[in-house]
Amino acid sequence: MPNDIRTHALVLRRTNYGESDRILNLITPVGKIAVLARSVRKEKSRLAGAVELFTVSDVVIHEGRGKLATLTGAKMLSFYHKILSDLALLELASTFLKKIERAAEQTDNPEFFEIVNQALSGLNDGISPELVALWFDFNLFCATGEEINLLYDIRGEKLVAKQQYTWDDIEQALSPDPQGAIGANEIKLARLILGAKLKIVASVDKVEEILPRIAHIPKK
């Protein structure tokens, strides 16, 4: 039976179709959905403004009997316009969309929408691109079913505050090392990145100073 879905959405990719239509790959809280937006390239289209890149919209999607759903309604909720005025931010944001699309092709996880939405919002609000990228990569890595071990070292012993560590690429875990750059503050920040919203992480004191020391921990 035909069904209508109302949800929030971000456009991952747009493909021109026919004279005035577009096929849109959307990421939503209910997963990735490909839709046909009819006449959206016409000058007076009521859908056009709500299906631009870096726009969060409230959408209505009609699922018929065919493989491709149809976008029947869209209202803009947020437009991360500042991203478009900075080439470096634009390139980074575009990378986020591509990574989310690839991940969604392999795994259907409702967390993908929130991860990319927070990342784009952070870039738009002036949060350090380095922090946004690290937060995005850490959380995407885990949302795809992988694990970043921040509880035990390579010997299987619990991490302790007074110990310094280095990351062991082979064992995919922290290795005790008196000269290591990763200590209690770095581990706390890495755990916070995986457990808190981006804006909360950005408010941590000296976060920019700590970031480089955990940037090489595996992520996608």
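Since every read-out is calculated from the coordinates, none of them should be taken as a lab result. Note that this is a predicted model, so its numbers are computed, not measured. Positions of Cβ are generated from backbone atoms using ideal geometry, with glycine treated the same way; all protein chains shown enter the neighbour counts.
Could you work out the relative contact order of the chain? I mean the mean sequence separation of Cα pairs under 8 Å and 6+ apart, divided by the number of residues, in percent.
Working: 381 pairs, mean separation 32.1, N = 220.
The value is 15 percent.
Close amide H contacts of Thr166 (hydrogens built in the peptide plane, cut-off under 5 Å, sequence separation of 5 or more or a different chain): Ser175, Asp177.
Between rounded, prolate and oblate, where does the stretch 1-154 land on the alpha carbon gyration tensor, with a ≥ b ≥ c its root eigenvalues, rounded for a/c under 1.5, else prolate if a/b exceeds b/c? Because a/c hits 1.5 or more and a/b fails to exceed b/c, the stretch 1-154 counts as oblate. Taken one residue at a time, the phi angles of the stretch 84-98 give Karplus couplings (6.51, -1.76, 1.60, θ = phi - 60°) of 6, 8, 10, 4, 5, 5, 4, 5, 5, 4, 5, 4, 4, 4, 5 Hz. Gly and Pro are set to x.
Taking a ≥ b ≥ c as the square roots of the eigenvalues of the Cα gyration tensor of the stretch 126-183, is the shape rounded (a/c under 1.5), prolate (a/b larger than b/c) or oblate?
Oblate, because a/c is 1.5 or more while a/b does not exceed b/c.
A straight Cα-to-Cα reach below 26 Å connects Lys44 with the lysines Lys75, Lys82, residues fewer than 8 places away in its own chain not being considered. Between the amide H of Leu159 and those of Tyr152, Asp153, distances stay under 5 Å, these residues lying 5 or more places away or on another chain, with hydrogens modeled in the peptide plane. Give me the angle, in degrees from 0 to 90, between the Cα long axis of helix 184-195 and the longest principal axis of the Cα atoms of the chain, rounded to the nearest 10. Orientation of helix 184-195: about 20 degrees from the principal axis.
Each part gets one Cα centre, and for the stretch 116-152 versus the stretch 78-98 those centres are 15 Å apart. Counting only residues at least eight positions apart within a chain, or on another chain, the aspartates and glutamates with an alpha carbon under 20 Å from that of Lys199 are Glu111, Glu114, Asp125, Glu130, Asp137, Glu186, Glu208, Glu209. Mind checking which lysines have their C-alpha under 20 Å from Lys99, skipping anything on the same chain fewer than 8 residues away? Here the lysines satisfying the reach criterion relative to Lys99 are Lys32, Lys197, Lys219, Lys220.
For the stretch 143-148, the Karplus equation 6.51 cos²θ - 1.76 cosθ + 1.60, evaluated at θ = phi - 60°, returns couplings of 5, 8, x, 7, 9, 9 Hz by residue, with Gly and Pro reported as x. Find, among the GluC sites (Glu not before Pro) in the stretch 125-220, those assigned to loop by DSSP (not H, G, I, E, B) with at most 11 other beta-carbon atoms within 10 angstrom. Qualifying residues, ordered by number: Glu147, Glu157.
Remark: the stretch 99-104, residue by residue, has Karplus-estimated 3J(HN,Hα) of 5, 5, 4, 4, 5, 5 Hz, where x stands for each Gly or Pro and the curve is 6.51 cos²θ - 1.76 cosθ + 1.60 at θ = phi - 60°.
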